[in-house]
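So the structure is just underneath, and the comments pick up after that.
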Amino acid sequence: MGFLGPNGALIALAPPLPGDNSIIEMKGETLMVQSGSYLVSSKGIEVNTKWSGAKTFFGGEGLIMLKVSGTGTLIVSSNGAIHHPMELEKDQKIVVDTGHLVTFEEQIDFKVKKVAGWKSTLFSGEGLVVELTGPGHVSLQSRSQDSFLLWLIPRIPKQTTYVSSGD
């Protein structure tokens with residue numbers, strides 16, 4: 001993704017994993033953004049990275065939510081496709097693997113839940129999901145970083161080390 005900056009300079013942005021980028025024009029609202037999905041924001045957008053308690057830490061996948069607010073442009077990225085915005089009606093609940101969450105509006109209530117036993121393989125290797133309760137909008141990604149790495153790592157060629165006997 002590229003932009004022309006002042007004086008015609010090209011500004012190129014690249015997320016760490018392959019997937020979509022989404023430009024969100026914020027008008028005074030507040031979003032919770034998965035820290036791994038935050039790419040960049042313009043002047044006028046405040047990003048709060050301070051620890052605000054265990055509620056924002058989802059654990060196993062290292063997911064920390066950033067509180068992003070203000071007026072300006074926010075660009076988020078995803079691993080795979082971004083599915084948004086999904087609108088939750090008042091008191092409507094959805095359960096999402098923590099690795100698939102990209103953004104949600106601040107007013108949405110969320111609770112982290114542990115999934116035990118065989119269910120953990122269906123949701124995430126860590127067995128953590130988040131229950132989101134509306135009203136508000138949620139953005140999800142089609143792939144999780146952990147799932148991508150579990151697929152990728154076995155396919156990386158192993159480096160062979162040769163040891164010389166000194167002959």
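The values are calculated or read from the model by the stated rules, or taken from the named source; none is laboratory data. These figures come from a predicted structure and were not determined experimentally. Neighbour counts are summed over all protein chains in view; Cβ atoms, including those assigned to glycine, are modelled from backbone coordinates with ideal geometry.
Worth pointing out:
- Positions within region 147-167 being within 30 Å of the chain's Cα centre (by Cα) and at pLDDT 75 or above, in sequence order: Leu150, Trp151, Leu152, Ile153, Pro154, Arg155, Ile156, Pro157, Lys158
- Residue that is surrounded by the most Cβ atoms within 10 Å (Cβ to Cβ), among those in region 21-51 that are in a loop (DSSP other than H, G, I, E, B) and either at pLDDT below 90 or touching a Phe, Trp or Tyr at 6+ places or on another chain (Cβ under 6 Å) (or both): Thr49
- Subset of region 74-96 (residues that are more than 16 Å from the chain's Cα centre (by Cα) and either at pLDDT below 95 or not polar (S, T, N, Q) (or both)): Glu87, Leu88, Glu89, Lys90, Asp91, Lys93, Ile94
- Odd one out for Gly60 among (1) modelled with pLDDT of 95 or more; (2) outside any strand (DSSP E or B); (3) not aliphatic (A, V, I, L, M): (1)
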